[in-house]
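Heads up: the structure comes next, in structure tokens.
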Amino acid sequence: MARVLVVDDEVRFAESLGRGLTGEGYDVELAHDGFTGYRRAKEPSFDVIVLDLMLPGMSGAEVCHRLRAEDVSTPILVLTARSRESDETDALGMGADDYLRKPFSFAVLVARCRALMRRGAGPGWPELRSGDLVLDPRRRIARRGGEEVALSRRETALLEYLIRSAGRVRSKSEILEHVWGEEGAGDPASSNVVEVYIGYLRRKVDQPFGTHLVRTVRGRGYQLLDDP
């Protein structure tokens, strides 16, 4: 049975979420502050962490940062009641894998959790290649010129989508839909997240190697070049 850790200081909301996830067949544990959530999240037995950003004691973003700094790779789904883009981009930049804005559909949350669990457990994914760039989605490692570059889960998902697009231009809305899910694609404010993560990829797989594969096509979107 998959295990889910829910960290949210709204006790009734967390308990309601826990009951719903239990009804979906998950083993759920709850924490109601950042410090407790951080300590529990370090346990290797959880398959996904549902984490509110606004927590007493330690913010959700800080929890993400500390967990990733300690190489805790459990998928993290961030919840936020705020509408500011910076909240999501900060959390994603610190290591969260996905986010939902409150209020949200419970069915969407369950679908996001399942998707994160599948990505976290997928065995034997084949390596993908574009030019001299090689991606190992399972290990979340990219290689160029014999050098390995570690990627976050979201960076891996974005790079995988661009490589599988075989040089075609992909719009922000297409990227949001395929990498962040349909809810992100329906929110125009979320398009900034794509720019943020394209920037992350460029700093990791382009700039250190002097040959730029990730291309911006003005007014249309982005593409990964097969032959720069």
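Here is a yes/no grid of residues against (1) crowded, with 16+ Cβ neighbours inside 10 Å; (2) modelled with pLDDT of 80 or more; (3) part of a strand (DSSP E or B):
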{"site": "E148", "(1), (2), (3)": "no, yes, yes"}
{"site": "T156", "(1), (2), (3)": "yes, yes, no"}
{"site": "I163", "(1), (2), (3)": "yes, yes, no"}
{"site": "R168", "(1), (2), (3)": "no, yes, no"}
{"site": "E174", "(1), (2), (3)": "yes, yes, no"}
{"site": "E177", "(1), (2), (3)": "yes, no, no"}
{"site": "E183", "(1), (2), (3)": "yes, no, no"}
{"site": "V193", "(1), (2), (3)": "yes, yes, no"}
{"site": "D206", "(1), (2), (3)": "yes, yes, no"}
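Restricting to helices (runs of 4 or more DSSP H) lying wholly in region 1-106: which have 1 or more residues that are among the acidic types (D, E) and modelled with pLDDT under 95?
60-69, 85-93
I'd like the residue in region 54-78 that is closer than 20 Å to S105 by Cβ and surrounded by 24 or more Cβ atoms within 10 Å (Cβ to Cβ) and, out of all such residues, is nearest to the chain's Cα centre (by Cα).
Looking at residues that are closer than 20 Å to S105 by Cβ and surrounded by 24 or more Cβ atoms within 10 Å (Cβ to Cβ), I get I76.
The values are calculated or read from the model by the stated rules, or taken from the named source; none is laboratory data. This structure is a prediction, so every number in the text was calculated from the model and none was measured. Cβ: placed from backbone, ideal geometry, glycine included. Neighbour counts: every protein chain shown.
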